[in-house]
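To keep things clear, I will list the structure first and then write my remarks on it.
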Amino acid sequence: MPTLKDFAEEYANSIRVNRGNPILSKEIATRIKELSYTQTGQSLSADDREKILQEIENLLGISPQATGSGLRMVKNAEDSSNFIAMVQQIRSELNQK
C-alpha cells in the first residue's frame, strides 16, 4: 500500500521529467484529489494533501522558507522557477472546490 511519501515521489519525478507540460500541474492536482484512504474510502484530508505537497517541494529542493514575494526559496537554482510555479499551481488547484 503506497504512502503519502510514495505518491509525492511519483509526482516530483513526473514534474522533473515533464516540467514543460502545461497541463501537468492540473493533472497532478486531480490525481491528489482522487486519492482516498484505503480503510474508509474517504478523500484525503487537507492536512495529508499538504503533506504530499511539502514532500514534493522537499524532493524538488524547494526550501520551506517563503520569501517576501510569496515564492519559495530553492536550494538548487536550476529549474527552480518552473518547479515553484508548478507546485503553486497544484496547491491552487487543490484549494479550489
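What the table shows:
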{"quantity": "Under Karplus coefficients 6.51, -1.76 and 1.60, residue-wise ³J(HN,Hα) of the stretch 10-25 in Hz, glycine/proline x", "calculated": "4, 5, 5, 4, 5, 5, 4, 6, 10, 4, x, 6, x, 10, 4, 4"}
{"quantity": "Cβ crowding within 10 Å averaged over residues, with 46-56, 29-39 ranked highest first", "calculated": "46-56, 29-39"}
{"quantity": "Length added when fully stretched, Gln54-Ser36, from 0.36 nm per residue minus Cα-Cα", "calculated": "4.6 nm"}
{"quantity": "Neighbourhood net charge (13 Å Cβ-Cβ; Lys/Arg +1, Asp/Glu -1) for Ser45", "calculated": "0"}
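Read the figures in this text as sums done on the coordinates, not as results from a lab. Keep in mind that this is a model prediction, so the values were computed, not measured. So basically every Cβ, Gly included, is an ideal-geometry build from the backbone, and we count neighbours across all protein chains shown.
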